[in-house]
1. Per the helix-only calculation at 222 nm, which mean residue ellipticity applies to the chain, given -39500 (n - 2.57) for every DSSP H run of n ≥ 4 and division by its residues, nearest 500 deg cm²/dmol?
2. Specify the inter-centroid distance of segment 296-361 and segment 77-130, based on alpha-carbon positions, in whole Å.
3. Any idea how far apart residue 233 and residue 3 come out in nm if each label point goes 7 Å out from Cα toward Cβ?
4. Over the Cα atoms of segment 1-72, what Rg and Dmax result, in angstrom?
5. Quick check on segment 282-325: take the gyration tensor over C-alpha atoms, sort the square-rooted eigenvalues as a ≥ b ≥ c, and tell me if it's rounded (a/c under 1.5), prolate or oblate.
6. State, to one decimal in nm, how far the label point of residue 147 lies from the label point of residue 201, with both points 7 Å from Cα in the Cβ direction.
7. Let's test the formula: R0 of 30 Å, r as the Cβ-Cβ distance of residue 181 and residue 85. What FRET efficiency results, to the nearest 0.05?
8. Using the Cα gyration tensor of segment 13-156, with a ≥ b ≥ c the square roots of its eigenvalues, what is the shape: rounded (a/c below 1.5), prolate (a/b larger than b/c) or oblate (neither)?
């Protein structure tokens, strides 16, 4: 039996509640499927810890995260807790940098029962993935702003060959896997190469890597045009890849197409490590009220199992991931629950209970 050690960082606000719900679902799925076991070890990090101790990500927590098979994260940061330079507490960014989690994976997959803002019925069956480079780009200047007194401030956009090559190989490998599953197998490179030289370099390396994958269709698109197409014809995308800041913005647009951040999972993946977390923030206005939708955290847990299964050749883990995905779809699609952000009155515990009840089919 494969045993997976998972570092669990609930974080702040509703992160604590949705992570607890996700762990319940993961344990239930593992018990039903068998063939693997999960050791879920909770550790404290985030803004609340920083407010009390002056540390947001202790060295011991970071060490244990590095030794774990995967990291499950809730949400981190509180608006009234900041570093001396004014930045919000964001240990999730520290994890990306420490473990070189270069591929931010943001699935945009419709959840039955979650309302789409688009009228076209095709918007109810979206299934594409946005890959966001997560270690460089415009975010590379985080904490190193060049200020000219009160007159100007400059951040640096960093695009490297190393960063691009590993990002594009990851992206094309995902497209190959999706094509084998009957999906289009097409990659869209999203950039601003008509204005920025760094983005022209980004596109140049994309084209080089594309030659290694002759069976995968490719296209180029400027980020502003992509934003428009995502609200007019999002079903035309399959796999998209872009720079850090562009990906940060477009991924929230993708979440809106799915029905909101409450149903949007994500992963940050590197060569040897990966963090899985819901796309939403800490929502301190509803923390402790049992009103948060845990679907995004639960689906992030399924992504974690799928990644672990792929790394270890574990069919049981992959089956459990599929079971969780299907249970979430059945739960919301049947109308059994309706979350608060979708106009209902079912909270965190009720939604987790409903998903667990539907794990077996």
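Rule-based calculations on the coordinates, nothing more; no lab input. The structure displayed is predicted, hence computed values, not measured ones. Backbone-built Cβ (ideal geometry, glycine too); neighbour counts: all protein chains shown.
1. -13000 deg cm²/dmol
2. 18
3. 5.4
4. Just the Cα atoms of segment 1-72 yield Rg and Dmax of 13.5, 42 Å.
5. Since a/c reaches 1.5 and a/b is larger than b/c, the shape of segment 282-325 is classed as prolate.
6. Distance between label points: 2.7 nm.
7. With a Förster radius of 30 Å, E is 0.10.
8. Values: a/c = 1.99, a/b = 1.26, b/c = 1.58.
Oblate, since a/c reaches 1.5 and b/c is not below a/b.
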